[in-house]
1. What's the number of the only condition in (1) within 28 Å of ILE284 (Cβ to Cβ); (2) in contact (Cβ under 8 Å) with a residue 12 or more places away in the chain that VAL174 fails to meet?
2. Somewhere in region 79-95, is a residue surrounded by 15 or more Cβ atoms within 10 Å (Cβ to Cβ) and over 28 Å from VAL51 (Cα atoms)?
3. With touching a residue at least 24 places away in the same chain (Cβ under 8 Å) and surrounded by fewer than 18 Cβ atoms within 10 Å (Cβ to Cβ) as the only criterion, which of PRO111, PRO148 stands out?
4. Test of understanding: among ALA103, ALA119, which residue is outside any loop (DSSP other than H, G, I, E, B), more than 30 Å from ILE50 (Cα to Cα), of a type outside the set (Lys, Arg) and not assigned by TED's automatic domain parsing to the domain that holds LYS53?
5. Identify, by number, the condition in (1) part of a helix (DSSP H, G or I); (2) surrounded by 14 or more Cβ atoms within 10 Å (Cβ to Cβ) that ASP262 doesn't meet.
6. When the residues of region 265-294 are filtered to those that are polar (S, T, N, Q) and part of a loop (DSSP other than H, G, I, E, B), which remaining residue is modelled with the highest pLDDT?
7. Any residue that is charged (D, E, K, R) and outside any helix (DSSP H, G or I) - is there at least one of those in region 125-145?
8. Failed condition for GLU76, given (1) farther than 30 Å from TRP199 by Cβ; (2) buried (at least 19 other Cβ atoms within 10 Å of the Cβ), with all others met?
Amino acid sequence: MAIVEEIQEAQTSKNTSVGVETMVDWLGSRISSYCGTRISEGETQKLDGIVRKRMELLSLHDPVHFFQLVESQSNEGKAEWDQLLSLFMNGETFFFRDSGQFALLKEHILPALIHRRKAARSLRILSAGCSTGEEAYSLAILVDQLLPHHQDWEVHILGIDINVQSIERAQQGVYGQWAFRKIDAELQQQYFQQHDSHWVLNESIRKMVTFQKGNLFADTFSFSTLGIDELDLIICRNVFLYFHADAIGLVVEKMMGVLASDGYFLTGHGELPPQAVRTLQAKIFPDSVIYQRPQTLCTMS
């Protein structure tokens, strides 16, 4: 029986009820269809624990009432749905995660882009699935190092993530010591100011990055309102690992629609099936593979 039918019957019959397990199965399907993620058995167990805790905090004893809340279009319902996603989605990250890929960006990709864009004095970068902002700010630090006079350029670095709470934390630019476990202490001292047990990113770097909520799977990629139409570099790492195959193809296609001719696309190691990047040229380096859009491809509007 479909979940909606079960709920309708539960509302009209005293002898029928919808259990938390059934509700969790539905919510897993709902999350998967909403953001393209695969829901494994372990993730279903995680979601079960989250739902039970949220019901307890909200003093809701009937799973149907929780369903009705997250499905509603009320402000409370939307907030609870965002809360559910925030608790469920994996947001683990840290500064300069994957030193090999950041070395590739620093030594090859960003210098090449800066050289090509010197006439236009413009650089446009997207950190997709940016979580709490460490990746986007790491990119901003690299640009600051490679382009000391970036104030004379139009540098746009955009971070997007589906997790509202992660975006709010990213905008603050405040981090605990665990976020620096792969960063050089001298670099940390140069770009951050310590306040008690936390570190605050320098304002000059924070101003280089814009964050916004975004659903890579469901949303249309349109950044014209932010002054970003053709991106020079898209980084989407440790994201496709959680997507089902159809979602990967759809998201990559949308990303290619906003990637500039000769722009670069970087993912985590081995995250993409070959067919997902068949229109891109693979550039192989010792530390990583990065994809480039051939200049002969037309940019989608």
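The values are calculated or read from the model by the stated rules, or taken from the named source; none is laboratory data. Everything numeric here is computed off the predicted structure, so don't read it as measured data. In this analysis, Cβ positions are derived from the backbone assuming ideal geometry, glycine residues included, and neighbour counts consider all displayed protein chains.
1. (1)
2. Among the residues of region 79-95, at least one is surrounded by 15 or more Cβ atoms within 10 Å (Cβ to Cβ) and over 28 Å from VAL51 (Cα atoms), which makes the answer yes.
3. Answer to the selection: PRO111.
4. Just a single option satisfies the conditions, and that option is ALA103.
5. (1)
6. SER288
7. no
8. (2)
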